[in-house]
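So the structure is just underneath, and the comments pick up after that.
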Amino acid sequence: MPDITVLIELADFFEVDLRELLDRERKKEDMGRELKETALKVADYSSEETIRIIRRLHMFSWIGVLAFAVFLALETLGLTDSGYTEAIASFCTGLAFGILLTAVLFTSRHIGKIRAFKKKLLKHK
């Protein structure tokens, strides 16, 4: 199913009701002003949510880059063999890898399923 903003544009382009696109059947009445306003509000909310997620993902990605840079600096200086610098290097590597996995999950098509599962788990607690 395409994003709601694409559906609104399709409905406007083909001059059909948004419900007709969603129901996959043609009706004779025009898209009501109230329905169109509601759909636009939903689209705005969806866009704001997407922007918020992208900003958060961008911030976490930079944290991962910095963690990996710390690991590379310690590795280049030969400080990853023992002591607390080894622990710092291991932590930074794990952090960078964890953020990379999070970025892959957030940009996958399965994020909706993951969120639904998370909500289901939180409701049962």
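The values are calculated or read from the model by the stated rules, or taken from the named source; none is laboratory data. Model, not experiment: these values are computed from the prediction. Neighbour counts run over all protein chains shown; Cβ positions are idealised from the backbone, glycine included. The area values use the complete protein model at the heavy-atom level, side chains included, leaving out ligands, DNA and RNA. Shrake-Rupley method; radii C 1.70, N 1.55, O 1.52, S 1.80 Å.
A compact table of results
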read-out: For residue 77, solvent-accessible area (1.4 Å; no DNA, RNA or ligand), Å²; value: 120 Å²
read-out: Area of residue 110 that stays accessible when all protein chains are in place (1.4 Å probe, Å², to 10); value: 80 Å²
read-out: With DNA, RNA and ligands ignored, accessible area of residue 111 (1.4 Å probe; Å², nearest 10); value: 40 Å²
read-out: Net charge over other residues, Cβ less than 14 angstrom from the Cβ of residue 75 (K, R count +1; D, E count -1); value: -2
read-out: In Hz, Karplus ³J(HN,Hα) per residue of segment 60-77 (6.51, -1.76, 1.60; θ = phi - 60°; x = Gly, Pro); value: 5, 4, 5, 4, x, 5, 5, 4, 5, 5, 4, 4, 4, 5, 5, 5, 5, 7
